[in-house]
Amino acid sequence: MEPRVNVAVIYYSATGHIAEIAKEIAETAEKAGAEVRLRKVAELAPLAAVDANPAWAANAAATADIPLATAEDLIWANAVIMGSPTRFGNISSQLKQFLDTLGPVWQQGLLADKVYSGFTSTGTLHGGHESTLLALSHTFHHFGGIVVAPGYTHPDKWRDGNPYGTSHYDAGGTQPVDDTTRAAARAQADRVVKVARAVRAGSAAGS
Ligand SMILES: Cc1cc2nc3c(=O)[nH]c(=O)nc-3n(C[C@H](O)[C@H](O)[C@H](O)COP(=O)(O)O)c2cc1C
């Protein structure tokens, strides 16, 4: 029997693009047989800033029921897939703040030996897809994670073209998450589940 894998999909999203990709990844991982937790990180911006932007306010309302991520979600997971919009070529402060709360569990070695993978979304075509995903992976390396990039391991990866992780281009907020991005997200989720399962099977055989 295939080993069971737990997948935590943890994200920050202001105007909803990352939230959409996160949902696609979570649903795909579930279809692949994983136990899935879909979690958002806490908003740090003032409520007035959120309310002043209709897309931001709409996403906050639409995702109000999604639980907030905790350190326990990572401890529980065999694989963690994290997403953040590009912010000046880097991850958002909201996701970074969550990562910065993980020091105590990191220190106990509880974040190591898991599969990690990332996804992003940008407003411009060359505005930081790769730099954001690589920045996110810095933290995965510090955790002692097994970083799983999608590469070009699936035909759909030749469509979105980003081997570092799923990345969407929202064209200044005018381009909703489309089939190219969703297909890349599904390929990434399937690959993460497959590798996490192999890691679990290997560690069970080795123990
Ligand atoms: C403060 C700020 C900084 C941003 N920096 C970049 C950037 O460096 N490059 C880029 O292409 N888009 C940038 N964007 C656009 C977002 O990354 C893009 O709209 C993303 O798809 C939003 O994801 P979300 O809808 O999940 O919040 C920035 C947006 C904000 C608000």
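The values are calculated or read from the model by the stated rules, or taken from the named source; none is laboratory data. What you are looking at is a predicted structure, and each value in this text was computed from that prediction instead of being measured. Please note: Cβ atoms are built from the backbone with ideal geometry, for glycine as well, and neighbour counts cover all protein chains shown. Calculation scope for accessible area: heavy atoms of the full protein, side chains included, ligands and nucleic acids excluded. Shrake-Rupley method; radii C 1.70, N 1.55, O 1.52, S 1.80 Å.
Restricting attention to the range 76-97, which residues are touching a helix residue (DSSP H, G or I) at 6+ places or on another chain (Cβ under 7 Å) and under 21 Å from residue 188 (Cα atoms)?
Hits for the range 76-97 are 78, 79, 80, 81, 82, 83, 84, 85, 86, 90, 91.
Would it be correct to say that residue 59 is buried (at least 18 other Cβ atoms within 10 Å of the Cβ), within 15 Å of the ligand (Cβ to nearest atom) and either more than 16 Å from the chain's Cα centre (by Cα) or among the polar types (S, T, N, Q) (or both)? If you could, list the steps in order and put the result at the bottom.
Numbers: buried (at least 18 other Cβ atoms within 10 Å of the Cβ): yes; within 15 Å of the ligand (Cβ to nearest atom): yes; either more than 16 Å from the chain's Cα centre (by Cα) or among the polar types (S, T, N, Q) (or both): yes.
The answer is yes for residue 59.
Those residues that are more than 16 Å from the ligand (Cβ to nearest atom) and either buried (at least 21 other Cβ atoms within 10 Å of the Cβ) or within 15 Å of the chain's Cα centre (by Cα) (or both), I need them from the range 147-165; list them, please. Break it down into steps so the answer makes sense when it comes.
Narrowing the range 147-165 to residues more than 16 Å from the ligand (Cβ to nearest atom): 147-159, 163.
If the condition is that a residue be more than 16 Å from the ligand (Cβ to nearest atom) and either buried (at least 21 other Cβ atoms within 10 Å of the Cβ) or within 15 Å of the chain's Cα centre (by Cα) (or both), then 147, 148, 149, 150, 163 are the ones that fit.
Being open to solvent by 10 Å² or more (accessible area, probe 1.4 Å) and within 16 Å of the ligand (Cβ to nearest atom) is the filter here; which residues of the range 1-13 pass it? Write out each step before concluding.
Restricting attention to the range 1-13, the residues satisfying the condition of being open to solvent by 10 Å² or more (accessible area, probe 1.4 Å) are 1-4, 6, 13.
The answer is 13, and nothing else.
Anything in the range 1-53 that is acidic (Asp, Glu) and either farther than 21 Å from residue 187 by Cα or part of a loop (DSSP other than H, G, I, E, B) (or both)? List them, or say none. Give the derivation first.
Residues of the range 1-53 that are acidic (Asp, Glu), as a first pass: 2, 20, 24, 27, 30, 35, 43, 51.
Residues satisfying the conditions are 2, 43, 51.
Quick one: count up the residues across the range 109-139 that are away from the ligand (no atom under 13 Å from the Cβ) and without any contact (Cβ under 8 Å) to a residue 40 or more places away in the chain. Steps first, answer last, please.
From the range 109-139, those away from the ligand (no atom under 13 Å from the Cβ) are 109-118, 134, 136-139; that's our starting set.
Keeping just the survivors that are without any contact (Cβ under 8 Å) to a residue 40 or more places away in the chain gives 109-112, 116, 134, 137-138.
Going through the range 109-139 one residue at a time, the tally reaches 8.
Could you list, in sequence order, the residues of the range 27-40 that are free of Cβ contacts under 8 Å to residues at least 60 places away in the same chain and open to solvent by less than 10 Å² (accessible area, probe 1.4 Å)?
The answer is none; no residue qualifies.
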